[in-house]
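Q: Mind having a look at this structure? Questions to follow.
What follows is calculated from the coordinates using simple rules that are stated; it is not laboratory data. These numbers were taken from a predicted model, which means no experiment stands behind them. Backbone-built Cβ (ideal geometry, glycine too); neighbour counts: all protein chains shown.
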């Protein structure tokens, strides 16, 4: 069985993405890893080149920043990376630049790929998500955070990155997937407040024109992490590869988890979900087998 990994990266240094941690977290299960590095001058290319592994294969490309509708640019560049995956690979592991796989899950992921290798009805593997927010000590627990997404897909080039590259579809149809009970740790909302604010301005340019960005992002120099509906304390362990970052956090964020800023409707929906596990109206970009 051959496994490829792939991701995209641009301005990873400028916006403090843990892209090295993301790549190296899944590298042990990959035979090769494709990185599409967009044109930038902040040292992102050199950072990727510094990863000491012969598995890394870099694609340098010029991203069309005029493609602002629905995050299409991100999907196009993700497809560029996926298309470079070797033809003889069975599976492709997609990891975003702010996502990390805990080392305790590596054997589980590999076993799931082995088990489903010849079951062609399984087009992808579904992961759970843990979304960190504000610091490495808090996790988002409201309906605003997606609970699952596809991160391993078959090496079938009819499968395409969907919309803003959060998930995948095949010929426009949802993929048939197997849940594997493994969580991806998402650190996109954990970075110094200024870097977070700068990232938000850049990120929203993937969807909106300049006027739209001004409406979506405040003019403040730093991001205000206190504007959040609900969080819970994280009681687990971070991946070993993230220990340096967690220890070197240089900003303060404290949140009273007893305070829940939800509407009456959202409180009711949250109660239903807690009691039954059913998230009413959840958008699922996949079909579970």
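Q: Apply the a/c threshold of 1.5 to the C-alpha gyration tensor of segment 23-68 and tell me whether it is rounded, prolate or oblate.
A: Here segment 23-68 falls in the prolate category.
Q: If you don't mind, there's one more thing I want to ask. Which of 132, 168, 234 moves most in a GNM of the chain, Cα contacts under 10 Å?
A: Largest GNM mean-square fluctuation: 234.
Q: Give the distance, in whole Å, between the Cα centre of segment 123-159 and the Cα centre of segment 18-62.
A: Distance between centres, Cα-based: 20 Å.
Q: May I pose another question? Please report Rg over Rh for the chain, where both radii come from the alpha carbon positions and Rh follows the Kirkwood definition. Walk me through the intermediate numbers first.
A: Numbers: Rg = 18.8 Å, Rh = 19.9 Å.
Result for the chain is an Rg/Rh of 0.94.
Q: Now a separate question. Could you grab the Rg to Rh ratio for segment 98-154? Cα atoms only, Kirkwood for Rh.
A: 1.05
Q: Classify segment 1-156 as rounded, prolate or oblate from the Cα gyration tensor: take a ≥ b ≥ c as the square roots of its eigenvalues, call it rounded if a/c is under 1.5, otherwise prolate when a/b beats b/c and oblate if not. Write down the numbers at each step before the final one.
A: Details: a/c = 1.43, a/b = 1.14, b/c = 1.25.
Cα axes put segment 1-156 in the rounded bin.
Q: Next question. Sort 30, 40 so the one with the fewest other Cβ atoms within 10 Å of its own Cβ comes first.
A: With the fewest neighbours first, 30, 40 line up as 40, 30.
Q: Given labels modelled 7 Å from the Cα in the Cβ direction, how far is it in nm from residue 289 to residue 57?
A: 2.6
Q: Suppose a student asked you for the relative contact order of segment 36-153, using Cα pairs under 8 Å spaced at least 6 residues apart; what percent would you report?
A: That works out to 21 percent.
Q: Follow-up. When Rg is the radius of gyration of the Cα atoms in segment 48-112 and Rh is its Kirkwood radius, what does Rg/Rh come to?
A: Answer for segment 48-112: 1.00.
Q: Still on this structure, I have one more. Which whole-number percent is the relative contact order of the chain (Cα, under 8 Å, 6+ apart)?
A: 21
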